[in-house]
Each structure stands twice: as C-alpha cells, then as structure tokens.
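Shown next, in structure tokens, is the structure this report addresses.
The values are calculated or read from the model by the stated rules, or taken from the named source; none is laboratory data. Because the structure is a prediction, the values reported are computed rather than measured. Cβ: placed from backbone, ideal geometry, glycine included. Neighbour counts: every protein chain shown.
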Amino acid sequence: MDLVVWKEKGLSSAEEAEARYQRIRANTDPMPFSELDEQMQAFIRDAAGKFQEAIVGASAEINPVDRSFSRHGVLLRFGEEMNMTAYPMTSEITTTLDLTLYDPEMGLVEGYDDSMDIEVYDNE
Amino acid sequence: MPSIGDVGDRLWHAHEQSEQAAASARQAEGAIGEAESNLSIALDGSSASEAEEGLSLLRQTRDVIEDALRLCRGGQDTLAQYIASITVRGPGGSRRHPDGAYRSPSGKYAGRYGTSRSGAEAEAKILATLKSRGNEVDERQQYTTTPVAIKGRIQSGPRKGELVIPPGTVRRYDGAVKRGAQWFGIEVKGGTATKTPEQRAIDDWLKKPGNTLTTPDGKILVGVREYNVRYDDEKGPN
C-alpha cells in the first residue's frame, strides 16, 4: 500500500490529493533533501528511523538525507504485512509535524485545515 | 413531520424545564450549605471524627450539586442557542446548529444547504476506513464543551472582527481517533462541507499546548484531525 505525505496550507480535497500523488509518483521536480521544508525533513528523518525501506527514493543502504525527493511530497510504499500498522505509525508522525497524509487506495486525506484567516488568543 | 411551530414549542418547553431544573439545583445547593453550617455548629456535641466524616460527606454532595448546576447552565445555553438559530431547510428537516453547521435531525452533517446526505455517508466511510487501516477509533459522536472563553479575531472576510466564544459552548466531533497515546477529535469533510469560524477557533485553541476538551466518557482530546474523502454526488463516497 502507498501512503503520501506533504506539507500544505489548508487541506487538499481528495481530487487535489490524487493529482499530487500522481505528480509524486512521476517524481517531477526533484529536490535535494537539504532544500525540503523543515517539517518534511523532520518527517523523513523520523520515518527513516521507523521504516526507512518504505521511503521511495531511499533504500536500506542509502541514507535518505543523501537523496532527492519530489518537491510535492514523499511517497511511502509498504508491503502487505504492514497493512494494519503503516497508517497509524505514519499518521502519528504527520500529526506531530502538522503534515497532510493521503491514502490513495482509500481516497482518504488526513490533516488540519488552517486556511481560515483566524487568530486565537492565548488563555487569559 | 412536525411543523416549525411544533419544534419551536417543544424547544421552549425543554428550555423552561431546564430553567426549573437549574432553580431546583440552586435550592438544593442552598439547603446543603445550610445543613453544612448546622453540622459545623453541632460539632461540639459529637465526636470529632464523626463530625468530620459528616462534614466531608456534605462537601462531596455539594460538589455533586455544583456539577449538576453547571450542566444545567450549559444545557440552558445550548437550548437558548438552538432556539435562536433554528432554521428548517430541505426535505430532511436539517437545521443550523449553534456551531454554525447544518445537521440532519440525527446530528449528521447535512451539506452546505442542509439538503445533502453526503456528510453522513462520508462520515461512515471515513470511520470504517480508519478502522480497516488499524487505527483505534471511537465511532461515536463526541460532545464536548469549552471550559473557558475563547477569544480571537477573524482577520478578513464578511465577519472580520473580534470573536468571542463563551465557556460552555458545545463542540461536537464526528468521532475520535488515537495518535500514539493521545486522542484527537475527528472532523469529517465531504462534498461541500466547510468549517465555521467558531468551529475553527475552538479547534485552533485546542491545538495550543495544554488545552484540552473532555468527552462525556472522559476522553481527553488534545487536537483535531480532519478528513476529506473521495466523494461522488451520484454514487456516494468511494
């Protein structure tokens, strides 16, 4: 199963997420790790510590920080044996880092829509 | 299907009953306070340990009464908001709720104009999908109330200006999902769903470290996870 992770303002619709997934699969607009958004770098490092072999673009032999990734996001590819663990493990990281997670097979997009122009004050 | 007038009458009746319950609770609170005072006076004539035990029980009872009173006040505010905002739209009898969302009589999101079934279908699909992917999910609707006033500002748009959400405002989530050891409210978006400024402000407040919302069964929510799902108007969610 594939899972896809990216950083965005707002939350993509399922259609927008699918289009982004296809761009990532095609590996359009590759960027070196060092030029990725900080939160994406943090995600790749954290994911590499848990399931490096699933990160498309990296491998067990090559550290992800030495590879390039699509500027549109990171593609993870898991074997069937992880069908019940991949999503919770990945979403725990994306939740902490405020990233969007897309499950292409299910058409499910998870994240937080911060596109509304609202400021909330700290508790008095 | 009841008429708008019938629904309004029922809500007003419930509102009056809520006020009576609150009044009863206040009377009970007063009675407990008086009994507590009497017990204190009687301390001289009883063993110290018996009197202290009795006083402790009275204080516990007073705490229960205060909780009941708080719930009554919360119920009053919710009912008052419902009465103020009731609007019946569409064949399904959906109406606009205090948090700004249109929902069906069963509480399911009913689309931008209150006529769509897409919210309920998307919700069911998303909850089932999360579970099928190994996530720990509570599929029940999660009702919470804000513990404090939430203040902020809408920076642009037709409602630009200060925003104040009073304590006790109800925020309902479509479920809850666990991330690591923590629970998050689930907000399902499908079709044309959009968040109201009030909902967004509560969720932004919840994201701040240290802020939590508690569900009736004691879950501590520390944030919100939102979901979009592939949706087809004719076929429903994939």
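Residues checked against (1) closer than 29 Å to B:Ala122 by Cα; (2) within 14 Å of another protein chain (Cβ to nearest Cβ); (3) at pLDDT 90 or above; (4) loosely packed, with under 15 Cβ neighbours inside 10 Å:
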| site | (1), (2), (3), (4) |
| --- | --- |
| A:Val4 | yes, yes, yes, no |
| A:Leu36 | no, no, yes, no |
| A:Glu61 | no, no, no, yes |
| A:Pro64 | no, no, no, no |
| A:Arg67 | no, no, no, no |
| A:Gly73 | yes, no, yes, no |
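Just so you know, in the range A:20-34 the residues that are among the polar types (S, T, N, Q) and in a helix (DSSP H, G or I) include one that is surrounded by the fewest Cβ atoms within 10 Å (Cβ to Cβ), and it is A:Ser34. Inspect all residues belonging to the range A:98-116 and state whether any of them is modelled with pLDDT under 95, facing chain B (nearest Cβ under 10 Å) and touching a Leu at 6+ places or on another chain (Cβ under 6 Å). Scanning the range A:98-116 turns up at least one residue that is modelled with pLDDT under 95, facing chain B (nearest Cβ under 10 Å) and touching a Leu at 6+ places or on another chain (Cβ under 6 Å).
From the list B:Asp203, B:Asp217, the one residue that fits, being of a type in the set (Asp, Glu), without any contact (Cβ under 8 Å) to a residue 40 or more places away in the chain and facing chain A (nearest Cβ under 10 Å), is B:Asp203.
Picking from residues in the range B:147-164 that are touching a helix residue (DSSP H, G or I) at 6+ places or on another chain (Cβ under 9 Å) and in contact (Cβ under 8 Å) with a residue 40 or more places away in the chain, the one that is nearest to B:Leu221 (Cα to Cα) is B:Ile150.
Against the numbered list (1) out of contact with any Lys or Arg (no Cβ under 7 Å at 6 or more places or on another chain); (2) surrounded by 21 or more Cβ atoms within 10 Å (Cβ to Cβ), B:Ser156 comes up short only at (2).
Here the condition is being surrounded by fewer than 17 Cβ atoms within 10 Å (Cβ to Cβ), hydrophobic (A, V, I, L, M, F, W, C) and within 14 Å of the chain's Cα centre (by Cα); of A:Ala86, A:Ala47, A:Ala42, A:Ala17, it holds for A:Ala42 alone.
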